[in-house]
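The values are calculated or read from the model by the stated rules, or taken from the named source; none is laboratory data. Small disclaimer: the values here were computed from a predicted structure and weren't measured. We place every Cβ from the backbone using ideal geometry, glycine too, and count neighbours over all the protein chains shown.
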Amino acid sequence: MGPLLEQLYYALGELAGPDGLSRLFFMLFPLFLIFELPMTIMVLLGVLRWFARRRTSVPMISTYRPRVSCIITCYSEGMDVQTTLLSLCEQTYPGHIEMIPVVDGATMNQATLNAVRRFHVDPQLYPKRHLRPIAKWQRGGRVSSLNAGLSLASGEIVMALDGDTSFDNNMVSAIVRHFEDPSVPAVAGSLRVRNVWASWVTAMQALEYLLSIHLSKIGLGEWNLVNNVSGAFGAFRRNFLINIGGWNTHTAEDLDLTLRIKSYFKRHNLRIPFEPEAIGHTDAPVTLRQFLMQRLRWDGDLFFLYVRKHNHSIDPKLLGWPSFLMILVSGFFFQLVLPFIIFSYTLLALFILPGRTLLFLFLLIYLLYLLITALMFGAMMLLVSDRPRQDLTLGMLVPVFPLFMLFMRCWSAVAMLNEMFRRGHEESSMAPWWVLKRATRF
């Protein structure tokens, strides 16, 4: 018997005592496994439903070609903003596309401002493409830029895009077709990591984006349970957006806007589709420190929005029961409660359990999560991926992904503690301090 098998044998012996069954139950089936497995099953069933529907549906020819206004928030992108503008010019969409790059704090961001000014749209090469740049001389933050662009947008459909994100050339066509349904106020697009192999940190994020954004939102979209329209890439019906007051002043404006839109779901029978063929490409943080600081803000903002700002609107009378239950499970439990459970469970296991038992428990939970990750990655490759060769290279990261997610869940707990005790959302780089301080406190 090998040393590893021998250790597992002794661990099983320790669990076989008088109280062994209860100990085994509480160690092998903690609360997060009980909730996560049904969520994974629901996502995979949604993906299967999407795949079957896509294979059997008959292509429809539509003459719906509304004018599209793309608000591109720019701050310090420099020449990268020209890549974004060029990818919009090269869209195959036959209708008009209005590009509105908004340079925030243009006084101090001359490189980005000059890049926008030097970009020329050739009307012969790119007909029906219109450039309307805005130089916002005083910095007001991302939300300020979005609302400035919205005030000048003339399109029926408005897209909120990042200045360092480029797009596949069928993106606009894929997104716009959903708005032919009047019950659709917004559509979520998909994001991929552009600098996949810049470092191990970007590679892990690429796999996370693939499974957590692309695959999961396909599954959730089938049940009208899309949890967020990404701030880097989302589309909205302009009249609806204006009627609810545009974007709001605090950080995490994407989830904030999504929750505000969902508060009309029950009254108007609305839905938010996810369009997997509309793909944006963005650069992820390269260093571990940059990545952790990004997630410190992202995960702390979740606590701010769910607990402090929108606690009054988490109501089935506004959201409808499906969205209400989804927010309770996905928003409150998975994003706010689960990180603390995992963090405390890990610490207790490290300090209380005997070494062999700890090893056995760690291996068993790791194998369970590895199985879940492998199932999701397999579903991605077999049913969803439109870039199988590119995506297959990320398969080598699957064995490490459960460990990466364990670390990130623990870091989420740190981020929420930072928000609870230090109001971390007021330290966001998304807006200057005086904008955040003057906003209504929650």
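Before moving on, here are some points about what is shown:
- Residues satisfying the stated conditions in the stretch 85-113, i.e. at pLDDT below 95, part of a helix (DSSP H, G or I) and either basic (Lys, Arg) or surrounded by fewer than 24 Cβ atoms within 10 Å (Cβ to Cβ) (or both): Gln110, Ala111, Leu113
- Taken together, Gly149, Gly141, Gly155, Gly163 contain a single residue that is of a type in the set (Gly, Ala, Ser), closer than 12 Å to Val68 by Cα, crowded, with 19+ Cβ neighbours inside 10 Å and out of contact with any Gly (no Cβ under 7 Å at 6 or more places or on another chain), which is Gly155.
- Selected residue (criterion: nearest to the chain's Cα centre (by Cα)) from residues of the stretch 145-184 that are small (Gly, Ala, Ser) and part of a helix (DSSP H, G or I): Ala174
- Where Thr251 falls short, out of the listed (1) among the β-branched types (Val, Ile, Thr); (2) within 21 Å of Met171 (Cβ to Cβ); (3) crowded, with 22+ Cβ neighbours inside 10 Å: (2)
- Residues (assigned to a loop (DSSP other than H, G, I, E, B) and more than 16 Å from the chain's Cα centre (by Cα)) located in the stretch 263-297: Ser263, Tyr264, Asn269, Leu270, Arg271, Val286, Thr287
- Among the residues of the stretch 316-350, those that are closer than 11 Å to Phe265 by Cβ, in contact (Cβ under 8 Å) with a residue 40 or more places away in the chain and over 21 Å from the mean Cα position of the chain (by Cα) comprise Pro316, Lys317, Leu318, Gly320.
- Of all residues in the stretch 365-380, those being surrounded by 15 or more Cβ atoms within 10 Å (Cβ to Cβ) and either under 23 Å from Asp391 (Cβ atoms) or of a type outside the set (Val, Ile, Thr) (or both) number 10.
- Among the residues making up the stretch 40-85, a single one is without any contact (Cβ under 8 Å) to a residue 12 or more places away in the chain and over 24 Å from Glu180 (Cβ atoms): Ile41.
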